[in-house]
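Everything on this sheet refers to the single structure shown next.
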Amino acid sequence: MIEGELVVHEIVLEAPPEELFAMFVDPKRLVRWLGLTADLEPQPGGLFRFEVMPGQFCEGRYVVVEPPDRLVFTWGWTDPAMGLAPGSSSVEVTLRAADEGTRLRLVHSGLGTHDGRLLHDDGWSRFLQRLTETLQGDETSPYPTEPPQERLETLRQMKG
């Protein structure tokens, strides 16, 4: 959901915080729901880089790594056409135990334009759905194959 300048998503997942934390810092687990390949160094200052689709990379650095409760990393795209340079935005993930499992709150800030927020809101919605399905052992939703710029055009048309 877009809240002013932020993209915010909050979901409850049937998994302990430790398992969810690992889904963001273990490359083998990350690519089960987000990305095709991943190079992760989960420590403050460590690299956060994954291939979203062939030739499209998101890249940044870990800022805060506090297992199993909190993770902050910078974010951006290596493709200049995306208009969001590597490390120019920030993603904060907090994990809190809840009766039903774990409450995951993701806040993406520094996205700049409305189009940037629109594209990343859609992306996080789709990928958090894949995370939910992965944790439940369900077949995951199809991996997005539209290039980001093409998806943005689709979103603009949908929002009218």
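Of note:
Let's see how each residue does on (1) over 17 Å from residue 128 (Cα atoms); (2) touching an Asp or Glu at 6+ places or on another chain (Cβ under 8 Å); (3) basic (Lys, Arg):
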position: 36; (1), (2), (3): no, yes, no
position: 48; (1), (2), (3): yes, yes, no
position: 84; (1), (2), (3): yes, no, no
position: 106; (1), (2), (3): no, yes, no
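- Per-region count, region 142-160, residues more than 15 Å from residue 52 (Cβ to Cβ) and either touching a strand residue (DSSP E or B) at 6+ places or on another chain (Cβ under 9 Å) or assigned to a loop (DSSP other than H, G, I, E, B) (or both): 1
- Residue within region 4-23 that is without any contact (Cβ under 8 Å) to a residue 40 or more places away in the chain and among the charged types (D, E, K, R) present: no
- Within region 5-32, if we keep just the residues that are among the basic types (Lys, Arg) and either within 17 Å of residue 67 (Cα to Cα) or not in a loop (DSSP other than H, G, I, E, B) (or both), the residue that is farthest from the chain's Cα centre (by Cα) turns out to be 28.
- Residue 95 over 22 Å from residue 137 (Cβ atoms), crowded, with 17+ Cβ neighbours inside 10 Å and in contact with a helix residue (DSSP H, G or I) (Cβ under 6 Å, 6 or more places away or on another chain): no
- For region 99-120, residues that are touching a residue at least 60 places away in the same chain (Cβ under 8 Å) and under 25 Å from residue 16 (Cα atoms) total 9.
- Residue list for region 122-160, restricted to those being polar (S, T, N, Q), closer than 12 Å to residue 33 by Cβ and touching a helix residue (DSSP H, G or I) at 6+ places or on another chain (Cβ under 9 Å): 134, 140, 141
- Which listed residue, of 144, 86, 148, is within 19 Å of residue 58 (Cβ to Cβ) and surrounded by fewer than 17 Cβ atoms within 10 Å (Cβ to Cβ): 144
Since every read-out is calculated from the coordinates, none of them should be taken as a lab result. Values in this document were obtained by computation on a predicted structure and should not be read as measured data. Please note: Cβ atoms are built from the backbone with ideal geometry, for glycine as well, and neighbour counts cover all protein chains shown.
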